1. So, in the range 122-153, of the ones that are assigned to a helix (DSSP H, G or I) and of a type in the set (Gly, Ala, Ser), which residue ends up nearest to residue 39 (Cα to Cα)?
2. Being of a type outside the set (A, V, I, L, M), over 16 Å from the mean Cα position of the chain (by Cα) and either surrounded by 20 or more Cβ atoms within 10 Å (Cβ to Cβ) or not in a loop (DSSP other than H, G, I, E, B) (or both) is the filter here, so list the residues in the range 185-227 that pass it.
3. So, in the range 228-257, of the ones that are aromatic (Phe, Trp, Tyr) and surrounded by fewer than 22 Cβ atoms within 10 Å (Cβ to Cβ), which residue ends up nearest to residue 86 (Cα to Cα)?
4. Out of all the residues in the range 228-255, which are on the phi < 0 side of the Ramachandran plot, in contact with a helix residue (DSSP H, G or I) (Cβ under 6 Å, 6 or more places away or on another chain) and assigned to a loop (DSSP other than H, G, I, E, B)?
5. Looking for whichever is modelled with pLDDT under 95, of a type in the set (Phe, Trp, Tyr), farther than 16 Å from residue 56 by Cα and buried (at least 21 other Cβ atoms within 10 Å of the Cβ) here; the options are 158, 169, 108. Which one fits?
6. Among the residues of the range 178-197, write down those that are over 16 Å from residue 108 (Cβ atoms), at pLDDT 95 or above and of a type in the set (A, V, I, L, M).
7. Could you tell me how many of the residues in the range 256-304 are modelled with pLDDT of 90 or more, under 19 Å from residue 125 (Cα atoms), part of a loop (DSSP other than H, G, I, E, B) and among the charged types (D, E, K, R)?
8. Sort out which residues of the range 118-138 are surrounded by 24 or more Cβ atoms within 10 Å (Cβ to Cβ) and within 13 Å of the chain's Cα centre (by Cα), and write them in order of number.
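The values are calculated or read from the model by the stated rules, or taken from the named source; none is laboratory data. Nothing here was measured: the structure is a model prediction, and the numbers come from that model. Positions of Cβ are backbone-derived with ideal geometry, glycine not excepted, and every protein chain shown enters the neighbour counts.
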Amino acid sequence: MTTTSAPLPPPESPEAAAALAEANGLRQVGVRPTLREYIRSTWQRRDFARTLATSNAIAENQNSYLGQIWAVLTPLMNAFVYVLIFGLILKITRGQENGVGFIVVGTFMYRFFSESASGGAKSVQKNLNLVRALHFPRSLLPISTVMSNLASLVPAIFVMCVIVALSGFLPPVTFGGVDWEWLLIVPAVALLYVFNLGVAFILARVVERIPDLGNLLPFVLRVLLYASGVIFAIDRYIPNETLAAVMGYQPVAVYLNLARQALLNEPNIPLDGTMWLFGLGWAVLAFVLGFIFFWRAEARYGRE
């Protein structure tokens, strides 16, 4: 003989219903959590972001014969085109001891930024079915996008270092045949990664709200490519000192400079503590503002 518990009496008021729901761990749908709860929930589900990033990285080129090799071939071919046209034909890198390395480092690092920005902008839109079907912090979507691009960058960095080495301008040898300054590529990429997260948060909310802005993003990224010194040194082609300083210390240009400080033995790109402080400041500022900006619209994502 089985016994069943008697149903609970209905609450006497909406306040009582809310208290009963809270006591049983239920939450109101479509309500933005507090910032602290949101941060904790995002951290607790970090494995979900990693899994989503891995699946996105694998799916990116799964229908091609070369598969994940394209993650290296694409920036490599871009760098080859820029080196051929701007470095060898137009000689726009004159004044650089290693013009090939200068363009290659700039191209590889800028692609990490541009792919993170464009992918982050579409991260909520292209996952609307997932957003509407499951309850999870939507911040995981831009995070997974940038993580996927970072996973693609890692093997590309090794290729980038090999090209710099083969270009014939190795930094001074210190220990183990490698200059310690090469190790600075790790914090340089880490700072750019954090900055990319902030940009992805901002663009994800903006484009989700106004999809037409996503169509303008490629043009903005193209302008940034030329305004950030990917192909040429800003201080050599911008005669106005104020404008050159503004362009040289804007975030993307800063991170390209940090990567070049690490990998190139260029007299005009020495180690610069001020530039590293700018890199740290831009990363923290973009991440904090971007995360809060994205969180404020959390309850609206995926809703008509």
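1. Checking each candidate, the answer is 144.
2. 208, 209, 214, 215, 219, 222, 226
3. 237
4. 228, 230, 231, 238, 249
5. Just one listed residue meets the conditions, 108.
6. Scanning the range 178-197 gives 194, 197.
7. The total comes to 1.
8. 120, 121, 123
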